[in-house]
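Right, one structure below, let's go through it.
The values are calculated or read from the model by the stated rules, or taken from the named source; none is laboratory data. Quick caveat, the model's predicted, so the values are computed rather than measured. Reconstructed Cβ throughout: ideal geometry from the backbone, glycine too, with neighbour counts over all protein chains shown. Heads up: the accessible areas ignore ligands, DNA and RNA and are worked out on the full protein's heavy atoms, side chains in. Shrake-Rupley method; radii C 1.70, N 1.55, O 1.52, S 1.80 Å.
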Amino acid sequence: QVQLVESGGGLVQAGDSLRLSCAASGRTFSSYSLGWFRQAPGKERTFVAVISMSGSSTYSADSVKGRFTISRDNAKNTVYLQMNSLKPEDTAVYYCAARRGGTWVTASQYDYWGQGTQVTVAS
C-alpha cells in the first residue's frame, strides 16, 4: 500500500515556474514507477511525465517537453515535477500516481493516486 500526497500547486502568471512535490508513504518507494497526470475542468485525465524506479529513465508528454522535468529522491520518498515557462493551458489539477514495476503512460495502469493539487496559470 502506498499513500501519495501532492503539494506545491498555486496561482501563477504565464511564464512563471512551479515545483510540485509528491511525498509517498511506505518502505518500498524505489519499487514503484511514478507518474504525473493532470486533469483540466471538463476534460479527461492526461499523462504528463513518468520516471522509472531508479530514476534513470524519464518520459514526458510532447506538450510539456522542454518545459517540465520529473525527478525523484528515493531517500526522501518524494517525486517532483519542475514546471517552467508555464502557459494558461497548463491549468489543471495535477496528480501523482504510482505503480509497481515498469513505466506506463496510461492512467489505468497505475494503482495508487494522490488527491491532486491545483495549478492555475493566468495569462
Any hit, segment 45-52, residues being open to solvent by 20 Å² or more (accessible area, probe 1.4 Å), without any contact (Cβ under 8 Å) to a residue 12 or more places away in the chain and assigned to a strand (DSSP E or B): no
Scan of segment 98-111 for residues that are within 10 Å of Gly35 (Cα to Cα), outside any loop (DSSP other than H, G, I, E, B) and not basic (Lys, Arg), ordered by number: Ala98, Ala107
Cβ pairs under 9 Å, 6+ apart, first in segment 8-22 and at pLDDT 95 or above, second in a loop (DSSP other than H, G, I, E, B) and surrounded by fewer than 13 Cβ atoms within 10 Å (Cβ to Cβ): Gln13/Ser123; Ala14/Ser123
Meets criteria (under 12 Å from the mean Cα position of the chain (by Cα), more than 20 Å from Ser123 (Cα to Cα) and not in a loop (DSSP other than H, G, I, E, B)) for Val5: yes
